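Working notes for the structure below.
Please treat every number below as a calculation from the coordinates, not as lab data. Fair warning: this is a prediction, and the values are worked out from it, not measured in the lab. Glycine gets a Cβ as well: all are built from the backbone with ideal geometry, and neighbour counts include every protein chain shown.
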Amino acid sequence: MSTDVWLSFVLASMILCFSPGPTVFLVMGQSLSHGKTSVIPLVAGVLSGDVIAMSISLLGLGALLATSAVLFSIFKWVAAAYLIYLGFKTWRSKLDVENVDPVLGRNGKIFKQALVVTALNPKGIIFFIAFFPLFIDADKAVLPQMLIMALSFLMASALSAAFYSIFSGYLRSKIKSVQVQKVFNKISGSMLIGAGSVTATLQQSG
């Protein structure tokens, strides 16, 4: 893979990862709700979800998703329902001013949520089988090129998740008012519900 092709791939990956979507909304919503402590579990969850989505694509399920309307709809509605569930749960949650819940346990839940949402995004799975081949040089070994692209995409994904999480967590940390932080919980819940609604409108083609 030439340097020019790699740079083009990295740029395309950055644009995709930084564009608002279900994962971005999840990251921002959870960071507004939980603050800066959620950065690491969110980034780790998103990266783990990306690895799972890549693996699913390589195993051939991505191609099946691209051709099967039923399977695509199943993935889409499961992901949408999960996001909406998280949104309503966050909307109705009470502010934990005493921080009685163990941080480790809470971060484990945040990690799982980010992983599930990222891994179940059908557009993400299809993206890997449709996007990666565009940058592969057929005259050279394919596996090294795939590994380079996979690592490069994960780097872009990590930067995106960290940026949105740190920014949202920073906003949360600057507001000490309990009432305003309750508003943040409402906003984060609304963002998650919005992400679920966006996921529900995904089309198989386009």
Problem set entry | Sorted largest first, extent of region 1-59 alpha carbons per principal axis (Å) | 42, 26, 18
Seminar exercise, completed: Ranked on Cβ counts within 10 Å of their own Cβ, fewest leading, Leu11, Leu115 go Leu11, Leu115
For this session: Neighbouring Cβ atoms within 10 Å as the yardstick, rank Val43, Val27, Val5 fewest first.
Result: Val5, Val43, Val27
Seminar exercise, completed: Listed with the fewest Cβ neighbours within 10 Å leading, Met54, Met146 appear as Met146, Met54
